[in-house]
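See below for the structure under consideration.
The values are calculated or read from the model by the stated rules, or taken from the named source; none is laboratory data. A quick note: this is a predicted structure, and the numbers were derived from the prediction, not measured. Counting neighbours? That spans all protein chains shown, and the Cβs are built from the backbone with ideal geometry, glycine included.
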Amino acid sequence: MKAKNLFQFILAAAIVFVAIKYVVFAQTGNSLDSLMSEEDMKNTGVYKLSTTEKIELKNWIDRNYVKKSKSPLSRGYQQLPTIAEVTFSGQFIRLDDDTIWQIDPKDTAVTQGWLTPVPIKVEYTAVGAYPYTLTNTVTSSKVHARKVSHIPSH
C-alpha cells in the first residue's frame, strides 16, 4: 500500500512540475532572452534580472507600449502629415507632426491660400537654400521649403 501511495505522490509531483514548467514557458514564449541580443541585454542590464523579473518587465512593456511597425505603411498607405497652421502670411507652415517649415519667399503667395487640415507630401530635393518640396495633396500645388526649429516671434 505504501508503494502505491509513493507512486501516486511521485506521479502527482511530476504532473505539477510539468504544469508549472508549461506555464512559465508559455509566459516566456517571447521572452526578453529571445527578443534581445546578448549585447542589448548587457547594455540595458536585463541580464542581471531573474526569470520572474524578466517576465514582469516584458509584461509591463507589452501593457504600456505599442510594438513599432516594421513597415512605414499603415493600413496599406503612407500616412501623410497635415497642415496644422499657416502663419505670417504663408511664410511658415506647421504640420501636425510638429515639423515647422519656412517657405521660399517666392512661394508664399501659394501657401497663403493653403487651408487646414490638408495632407502634405514632403520630399527632400537637396536643391538650393530651400531643399524640400511641400506638395498640397488637395490642390497639387508645390512650394519650396526648409525645415526650421521654431516660428520666429515678430
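Within the bounds of segment 102-124, is there any residue that is within 20 Å of SER153 (Cα to Cα) and of a type in the set (A, V, I, L, M, F, W, C)?
To start, the set of residues in segment 102-124 that are within 20 Å of SER153 (Cα to Cα) comprises 102-105, 108, 111-112.
So of that shortlist, the ones also of a type in the set (A, V, I, L, M, F, W, C) come out as 103.
Yes.
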Residue list for segment 90-107, filter: assigned to a loop (DSSP other than H, G, I, E, B), within 16 Å of THR133 (Cβ to Cβ) and not β-branched (Val, Ile, Thr): GLY90, ASP104
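Condition check ((1) assigned by TED's automatic domain parsing to the domain that holds ARG94; (2) at pLDDT below 90; (3) in a strand (DSSP E or B)) across all residues:
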| residue | (1), (2), (3) |
| --- | --- |
| THR116 | yes, yes, no |
| ILE120 | yes, no, yes |
| GLU123 | yes, no, yes |
| VAL127 | yes, yes, no |
| TYR130 | yes, no, no |
| LEU134 | yes, no, yes |
| THR139 | yes, no, no |
| HIS144 | yes, no, yes |
| HIS154 | no, yes, no |
Does segment 129-141 hold any residues that are touching a Lys or Arg at 6+ places or on another chain (Cβ under 9 Å), over 13 Å from PHE92 (Cα atoms) and of a type outside the set (Ser, Thr, Tyr), and which are they? ALA129, PRO131, ASN136
Give the number of residues within segment 48-86 that are modelled with pLDDT of 85 or more and surrounded by 14 or more Cβ atoms within 10 Å (Cβ to Cβ). 7
